[in-house]
Amino acid sequence: MDRPTAPWRNTTHDWTSTVDAPHLTRIRDDRPTFAPGGTRHLILEVVAYAADEAEARGAGACVITLHADGSVSITDNGRGTDTRADDHGRAVKKPVMASKDLRFFDHPEAQSLPDGHPRRGMSVVAALSEWLVHTNRRAEGAWTQRYESGIPTTDLTPIAADGTTGTTVHFRPDDPVRAVARPLVDELSQLVTPWPHLSVEIADRRGGSPAV
């Protein structure tokens, strides 16, 4: 690695750990522990980051969309995931998807999600998804990146700005996670209410048939 990320202060994630493969494997090897309740828990892991951003800014909003293919997208209107330029001018995104959240993963007693289970971080969502696409819009630029089972399969790819900031995390949980339970809109609506600074909208586009 030739980018000098070591001097960057680690707050939530280690900037030098772009892909922590053993960490991701540990999650995949123990789905019942890291995704209790299946897809519902993964949704809450993502929304928790939108809630953090909303609290930091005083208010925020996100939209949870349940798609017919069993995937879920969550879009917020925050500042976007921290993305910096290295000494070569290349964009470097905080490794939220492929490395552990230093605040929570090894300290599950630190915070619980509204379902009563420990918060462990976004890497749980990435590791337990067939695919995940992270679209990140900041004031200084916008990028997208795709992951499969938590491993990046594309580079951080610039995209056109659209005048907004925030993130969209679109993921399809893997088969064992999706098989646990189909998320219910009423249940999700109740679970997201404990975050007072975040306004949440839920769009169910699955139709009448079960997600596949």
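Does ARG178 satisfy the condition of being under 17 Å from the mean Cα position of the chain (by Cα), among the charged types (D, E, K, R) and over 22 Å from HIS41 (Cβ atoms)? No, not satisfied.
With respect to the conditions (1) modelled with pLDDT of 95 or more; (2) farther than 23 Å from THR154 by Cα; (3) of a type in the set (Lys, Arg), ARG26 falls short on a single one, namely (2). Among the residues of the stretch 64-93, those that are part of a strand (DSSP E or B) and of a type in the set (Lys, Arg) comprise ARG84, LYS93.
Going through the stretch 152-175 one residue at a time, which ones are under 16 Å from the mean Cα position of the chain (by Cα) and surrounded by fewer than 14 Cβ atoms within 10 Å (Cβ to Cβ)? If the condition is that a residue be under 16 Å from the mean Cα position of the chain (by Cα) and surrounded by fewer than 14 Cβ atoms within 10 Å (Cβ to Cβ), then no residue fits. The residues of the stretch 21-39 that are part of a loop (DSSP other than H, G, I, E, B) and surrounded by 15 or more Cβ atoms within 10 Å (Cβ to Cβ), listed by number, are ALA35, PRO36, GLY37, GLY38. Scanning the stretch 54-65 for residues that are touching a strand residue (DSSP E or B) at 6+ places or on another chain (Cβ under 7 Å) and either surrounded by fewer than 22 Cβ atoms within 10 Å (Cβ to Cβ) or aromatic (Phe, Trp, Tyr) (or both) returns ALA61, VAL63, THR65. With the structure loaded, tell me whether GLU130 is surrounded by fewer than 20 Cβ atoms within 10 Å (Cβ to Cβ), part of a loop (DSSP other than H, G, I, E, B) and not polar (S, T, N, Q) or whether it fails that test. No, not satisfied.
Would you pick out the residues in the stretch 94-127 that are in contact with a Ser or Thr (Cβ under 7 Å, 6 or more places away or on another chain), touching a residue at least 60 places away in the same chain (Cβ under 8 Å) and in a loop (DSSP other than H, G, I, E, B)? Within the stretch 94-127, LYS94, PRO95, VAL96, ALA98, SER99, LYS100, ASP101, LEU102, ARG103, ARG119 meet the criteria.
The C-beta contact set for the stretch 178-196 (first residue under 19 Å from ALA68 (Cβ atoms), second residue in a loop (DSSP other than H, G, I, E, B) and β-branched (Val, Ile, Thr), distance under 9 angstrom, 6+ apart or interchain) comprises ARG178/VAL212. Here THR168 fulfils each of the conditions (1) among the β-branched types (Val, Ile, Thr); (2) more than 18 Å from ASP69 (Cβ to Cβ); (3) in a strand (DSSP E or B); (4) in contact (Cβ under 8 Å) with a residue 40 or more places away in the chain apart from (2). Of the residues PRO158, PRO183, PRO173, PRO152, the single one that is of a type outside the set (S, T, N, Q), in contact with a Leu (Cβ under 9 Å, 6 or more places away or on another chain) and within 24 Å of ALA98 (Cα to Cα) is PRO173.
The values are calculated or read from the model by the stated rules, or taken from the named source; none is laboratory data. Since we're looking at a predicted model, the values are computed, not measured. Neighbour counts run over all protein chains shown; Cβ positions are idealised from the backbone, glycine included.
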